Each structure stands twice: as C-alpha cells, then as structure tokens.
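Novice: Right, I'll just put the structure down here and ask away after.
The values are calculated or read from the model by the stated rules, or taken from the named source; none is laboratory data. Fair warning: this is a prediction, and the values are worked out from it, not measured in the lab. Neighbour counts are summed over all protein chains in view; Cβ atoms, including those assigned to glycine, are modelled from backbone coordinates with ideal geometry. Heads up: the accessible areas ignore ligands, DNA and RNA and are worked out on the full protein's heavy atoms, side chains in. Shrake-Rupley method; radii C 1.70, N 1.55, O 1.52, S 1.80 Å.
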Amino acid sequence: MSNALSNTDVEDDDASQVSETAPAAPAPVPEKSLVAKLLYIAAGLTFFVTQGMGMNIVMANIYQLQGEFSATIAEVAWLSAAYMAPYATFSIALFKVRQQYGLRPFAEISIICFVLASCLNLFVTDLHSAIVVRFVSGMAAAPLSSLGFLYILEAFPVQRKLTLGLSIALTGTLLSAPLARIVSPTLLDIDGWQALYTMEVGLALAALPIIYLLPLTPPPRAKVIERVDILSYMLFAGGLGCLAVFLTLGRFYWWFETSWLGVLLATSVGLLTVMTLIELPRKNPMLDLRWIFSRTNLHLIAILLIYRAVSSEQSSTAVSLYQQLGILNEQTTSLYALIILATVLGGALCGILMLTKYVDTAHVIALSLIALGAFMDSGLTNLVRPEQMYLSQAMIAFGAAMFLPPVMAKGFGAALAKGPPYLVNFITIFLFTQITGSMLTTGLLGSFVTLREKFHSNILVESILLQNPQVAQRVSQLSAGYSHVITDPALLKAEGLSLLSQQVTREAYILAYNDTFLLISACAAAALVMLLIHLAWLRFKPLLKSAEDGVAAPQS
C-alpha cells in the first residue's frame, strides 16, 4: 500500500540517489497552484476510495452475501482471503517495477488492469468464480493505493510531504471501510452482488482518466531487479499469501480443528524460511532482513502492531457486535457518517501537530481517546443501539486517524537516511504490520470473543434450571406465542427452551464482546503508560547526563 509514499519523497528530494547511474538530481519541480493541489488531493482520495471499496465491500456484507451465493459464513470468508493473499505482497514487487520501468507506464497499465478486473466481477455467477475474480482483483488493486499516495504527495512541496501530505494520505486510507457500510444497503436493494460491483466498475472508470489528465512527476529509472529477486519474491508472496489465508479463515474453521489450516501455516513457514536463506547471503538483497529486524525497527513494528490491535475495536469487534445483535448496515448509516467526520477531523489535527513538531502529543491524544472509547463500550447490554455508541466510536475514529502518520513519518525518515534501497524494506514492515497484522489481530480478537462466549455461556446455563420458578415462567412466556399453532405441551415447552437458549447465547456473546472491549482498552492504556514513561525518560535523560558531568568535572 505504502510503496508510493516513499517513492514520491525520493522523486522530489533525493532523486539523484534513486538511480545508481544518475549523475545528478533533476531540476526542482515548481510549486503547484492551489487549484492544482486540490485536484491532485482529490485524485488521490479517489484512488483510495476506489481501491478501498473493493477491499471492504465483502466484509461489510458478509451475512448478506450468504444468500447471494447460498453459502455459509466460512465459505463467504474465502472471498476476503482470496483478495488479501496477493494484495499483502504485490505492492513490494510493484515498487521495484515502477523504479525500473518508469512511473508513467506503471500508472497507465495499473489502472487499465484494475478496470478489467472490476469488469470481471459482473460475470460472477457462483461462489467459486467469485473467489477467482477476487484473487485477480486483489492483484489489480495493489497499485491503486500506491497511486493514491503518489497523487496526494505530489500536491505538496518536499518539506510538507512527510507532515501534512502524509497525514492526508493516511486519513484517506481510513475512509473506505465506513463508506462501504453506508452505501451497501441501497446497492443491495437495487441488484444485490451485481450492484455492489457495478459501483466498483463505475469508480474504476472514473479513476481511469485521472492518469492521463493529471500527470505525475516522473522519477529517474534504475535497474533494480535481479533474477534472484524474482525467486525471492515468489517465495515471499507464497509464504505471506498462505499466512493471509490462515489468519483470515482460522477463526471460521477454528485453528485446531481443520488439518489444512496447519498445512497452510507449515507451508508459509517453509517458504519464508527458504526466502530468508536466499536473501541473507546476498550482496544486494531484495529485503535487508538484518536491517528489518534491527532493534529500532522491532520497536517500530511493535508500535504498528499495537495500532492495529487497538484500532480493530472499531474495524472488526464493534462490527461483529452489531451483527450479533441483528443490527443491519442501514441502521448504522448515521454512525458511520459520524465516524468519517471524526476521522477527517483527527487527520486534520494530526497534520497541524506534525507541522508544529508536536508529534508525541498526537500519540498521547490518540491512545487516550482509543482507551477511553473502548472502555465506554465495555459495559454494553442487549438494548444498545448505534445511537448509544456515537461518542465512543467517534473518539476511537478520531484517535485512530492521529496515531499512524507520526509513526510513518519517522519510519520513512529513517529509511531515507539509509538510502533509497531501504525504502522497499520499510514498505515490507508497513505491509506486514498493517495488512498481515490486521488479519492477525482480527483473528485473535475474534477467537477471544468465541472463547469468552463459551465461558459466559457455561456460567449462565448452570443457573438455568426448570425447577426455578422464574426460569419456568420465562419458558412459558417465550412459548406462549406459539401456543395457537403447537398444541402438544412437550413440543411447546421444547420451543420455549430453544428460544431461551438463543437468548442465553446472545447474552453470553454480549458479555464476551464487553470483555474484548475492556481488553482493547487495557492494551491502549498500557501503551499510553509506556509512551509517557518513554517521553519522561527522553526529557530527563539530558538533565541526568548534565548532572553527572557536573559532578565528575570537580573531581577531575
């Protein structure tokens, strides 16, 4: 996704270093007019929305698509797994392809491939063909997010790319998920699955002329692809692709009950191990694994994974709660509109703070809001509706928009300091933490909900005995609605018990989701405490050093 960010910075600021054969940097590009800047920003947001809608449209309508394909939830989840398998790594290959063959051909071919892949969705007739088309769509969509970053960063001068430009671009990546849930109900009412992907084709066709009407600043080309890179990438793509399918489907088929999930995980480990053995001895590796797993980058990876974990409260856990309560997408339209507004405001404030160099303040505000918002959601009941979650979800959206840009700016700065070849390594870190990490945290939190539901269900069932007058009365009340069609007392009681069992399961799930929200709140609070300790140490470390030097000077 983020391969575009890095390349733009190099194109405008360090273009002389991108190509090993380029003797001098290109002439500086004159600053664009305000209208041109707004057009480039709008173009970048169009690419983000076009790509993001295709990625989120399945997860936003997973229960509705069951009827379209006459499939179970686990079978429909294959659509998401098929999309994410190539998408997780394809951007890395495209980064080097763009460097070697040029930005203009890359952009033109990418958008045409995406239009063709979108058109294939219109010919889907069953689940199997849909899975194949989703795999192709995942490959074709990878360049679009790159183009989104390129166009937004093109609008800003060099000194603003990693501050205001990066903040707007990363905010744009957060808009598609809530937007997909806003527009989906109307489209499904029109023509089901076909309407969803007719919209995607329309967006792709709308994005097509942008490539030709708004040209990007072309960077110098360089021969950066070696033959061994192709083998390394195939192993890397196969390993992360298998891992993506494992993480996406593990909670649906359950991790320890399906043998082929273990085969996928073993295959992933094997392919990535072979890729590591190939890359480590190379003089010019595709991925510098020693640098990727350095102490500084491990700290960065931990921060990005924490972000994925705490931000998943809104992107997956809250959504699953709505589905469990029977709340449909059309009932959450106003909630997601508020989330979009909060996201935009959070991104705007983050950009201002980055311009004024108060980067750490953005992190403190973000973690505080996410921790408080998740804590507010941890006391829900079966009577909750989206209106009761407006404040908490807006706080989480606001905080999530403020968290990522400062981390990304610091990471890109470190990669640029090492040289342009290290940008692809930073892209790998970002993709692993944001795409694979997202699937990992979603799967783990979904599994946590399942385990906690079983725990609460066992406790609730232990107290439900027909000898209890209140339980007997409740069963009688639930079965009374069927008394005019069921005359057998035994069958009528069985129906009442079945309805009571459904209510117990629902209450157990609500308690499980409350536990999950509380866990996310605790993680965000713990991250905030560690951040404050780290900031305090950075603040007082120079003072302690000065005091030590002052004590040592008289003795000497």
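Novice: Which members of segment 207-227 meet the condition of being in contact with a helix residue (DSSP H, G or I) (Cβ under 7 Å, 6 or more places away or on another chain) and open to solvent by 40 Å² or more (accessible area, probe 1.4 Å)?
Specialist: Once the filter is applied, which keeps residues that are in contact with a helix residue (DSSP H, G or I) (Cβ under 7 Å, 6 or more places away or on another chain) and open to solvent by 40 Å² or more (accessible area, probe 1.4 Å), segment 207-227 yields L208, P218, R221, K223, I225.
Novice: Would you confirm whether any residue within segment 403-423 is in contact (Cβ under 8 Å) with a residue 60 or more places away in the chain, open to solvent by 40 Å² or more (accessible area, probe 1.4 Å), of a type in the set (A, V, I, L, M) and in a helix (DSSP H, G or I)?
Specialist: Looking through segment 403-423, at least one residue is in contact (Cβ under 8 Å) with a residue 60 or more places away in the chain, open to solvent by 40 Å² or more (accessible area, probe 1.4 Å), of a type in the set (A, V, I, L, M) and in a helix (DSSP H, G or I).
Novice: If only one of R290, R308, R282 is crowded, with 19+ Cβ neighbours inside 10 Å, closer than 29 Å to M234 by Cβ and basic (K, R), which one is it?
Specialist: Every option except R308 fails the conditions.
Novice: Same structure, new question: For the subset of segment 350-363 comprising residues that are open to solvent by 60 Å² or more (accessible area, probe 1.4 Å) and assigned to a helix (DSSP H, G or I), which member is nearest to A526 (Cα to Cα)?
Specialist: D360
Novice: For G437, which of the numbered conditions (1) buried (at least 19 other Cβ atoms within 10 Å of the Cβ); (2) modelled with pLDDT of 75 or more; (3) touching an Asp or Glu at 6+ places or on another chain (Cβ under 9 Å) fails to hold?
Specialist: (3)
Novice: Here is a further query. Condition (residue is in a helix (DSSP H, G or I), over 22 Å from the mean Cα position of the chain (by Cα) and among the hydroxyl-bearing types (S, T, Y)) applied to segment 456-473: is it met by at least one residue?
Specialist: Yes, because at least one residue in segment 456-473 is in a helix (DSSP H, G or I), over 22 Å from the mean Cα position of the chain (by Cα) and among the hydroxyl-bearing types (S, T, Y).
Novice: Something else: Of the conditions (1) within 17 Å of F47 (Cβ to Cβ); (2) open to solvent by 40 Å² or more (accessible area, probe 1.4 Å); (3) assigned to a helix (DSSP H, G or I), L174 fails just one. Which one is it?
Specialist: Every listed condition holds for L174 apart from (3).
Novice: What number of residues within segment 313-338 are open to solvent by less than 60 Å² (accessible area, probe 1.4 Å) and either assigned to a loop (DSSP other than H, G, I, E, B) or closer than 22 Å to C523 by Cα (or both)?
Specialist: Qualifying residue count for the region: 12.
Novice: Write out, first by first residue and then by second, each pair whose Cβ atoms fall under 8 Å of each other, whose residues are 6+ apart or on separate chains, and whose first residue, in segment 19-48, is under 14 Å from G165 (Cβ atoms) and among the hydrophobic types (A, V, I, L, M, F, W, C) while the second is at pLDDT 60 or above and open to solvent by 40 Å² or more (accessible area, probe 1.4 Å).
Specialist: So the pair list comes out as I41/I168; F48/T173.
Novice: Could you tell me whether T343 is within 24 Å of P86 (Cα to Cα) and part of a helix (DSSP H, G or I)?
Specialist: no
Novice: Which ones in segment 178-202 are closer than 19 Å to L127 by Cβ and of a type outside the set (S, T, N, Q)?
Specialist: Correct list: L188, D191, G192, W193, A195, L196, Y197, E200.
Novice: Give just the number: which of (1) of a type in the set (S, T, N, Q); (2) within 24 Å of F403 (Cβ to Cβ); (3) free of Cβ contacts under 8 Å to residues at least 60 places away in the same chain does S259 not satisfy?
Specialist: (2)
Novice: Kindly provide the set of residues from segment 108-120 that are in contact (Cβ under 8 Å) with a residue 12 or more places away in the chain, hydrophobic (A, V, I, L, M, F, W, C) and surrounded by fewer than 22 Cβ atoms within 10 Å (Cβ to Cβ), ordered by number.
Specialist: I112, C113, V115, L116, C119, L120
Novice: Out of the residues in segment 138-159 meeting the condition of being open to solvent by 10 Å² or more (accessible area, probe 1.4 Å) and at pLDDT 80 or above, tell me which one is farthest from the chain's Cα centre (by Cα).
Specialist: Here the residue is P157.
Novice: Could you please find all residues in segment 216-256 being of a type in the set (D, E, K, R) and assigned to a loop (DSSP other than H, G, I, E, B)?
Specialist: Selection gives R221, K223, E226.
Novice: Write out, first by first residue and then by second, each pair whose Cβ atoms fall under 6 Å of each other, whose residues are 6+ apart or on separate chains, and whose first residue, in segment 58-74, is under 14 Å from A130 (Cβ atoms) while the second is open to solvent by 20 Å² or more (accessible area, probe 1.4 Å).
Specialist: Q64/L188; F69/L127; A71/L127
Novice: Still on this structure: Yes or no: T248 farther than 18 Å from S110 by Cβ and β-branched (V, I, T)?
Specialist: Yes, satisfied.
Novice: Could you tell me which residue of segment 255-278 is nearest to Q434 (Cα to Cα), considering only residues that are surrounded by fewer than 20 Cβ atoms within 10 Å (Cβ to Cβ) and in contact with a Ser or Thr (Cβ under 8 Å, 6 or more places away or on another chain)?
Specialist: W255
Novice: Mind checking whether some residue in segment 364-381 is open to solvent by 10 Å² or more (accessible area, probe 1.4 Å) and without any contact (Cβ under 8 Å) to a residue 12 or more places away in the chain?
Specialist: Taking every residue of segment 364-381 in turn, none turns out to be open to solvent by 10 Å² or more (accessible area, probe 1.4 Å) and without any contact (Cβ under 8 Å) to a residue 12 or more places away in the chain.
Novice: Could you list, in sequence order, all residues of segment 123-137 that are farther than 25 Å from I92 by Cα and modelled with pLDDT of 80 or more?
Specialist: Selection gives L127, H128, S129, A130.
Novice: Can you tell me which residue in segment 121-137 is farthest from Y197 (Cα to Cα), limited to those that are open to solvent by 20 Å² or more (accessible area, probe 1.4 Å) and of a type outside the set (A, V, I, L, M, F, W, C)?
Specialist: Per the criteria, the residue is H128.
Novice: Might you let me know whether segment 462-485 holds any residue that is surrounded by 18 or more Cβ atoms within 10 Å (Cβ to Cβ) and at pLDDT 80 or above?
Specialist: Looking through segment 462-485, none of the residues is surrounded by 18 or more Cβ atoms within 10 Å (Cβ to Cβ) and at pLDDT 80 or above.
Novice: In addition: Quick check: is even one residue across segment 385-392 more than 22 Å from S167 (Cβ to Cβ), touching a residue at least 60 places away in the same chain (Cβ under 8 Å) and surrounded by 16 or more Cβ atoms within 10 Å (Cβ to Cβ)?
Specialist: Checked against the condition, which is being more than 22 Å from S167 (Cβ to Cβ), touching a residue at least 60 places away in the same chain (Cβ under 8 Å) and surrounded by 16 or more Cβ atoms within 10 Å (Cβ to Cβ), segment 385-392 yields at least one hit.
Novice: Residues A88, A22, A93, A27: which one is more than 23 Å from M199 (Cα to Cα), open to solvent by 50 Å² or more (accessible area, probe 1.4 Å), of a type in the set (G, A, S) and modelled with pLDDT under 80?
Specialist: Only one candidate passes the filter, namely A27.
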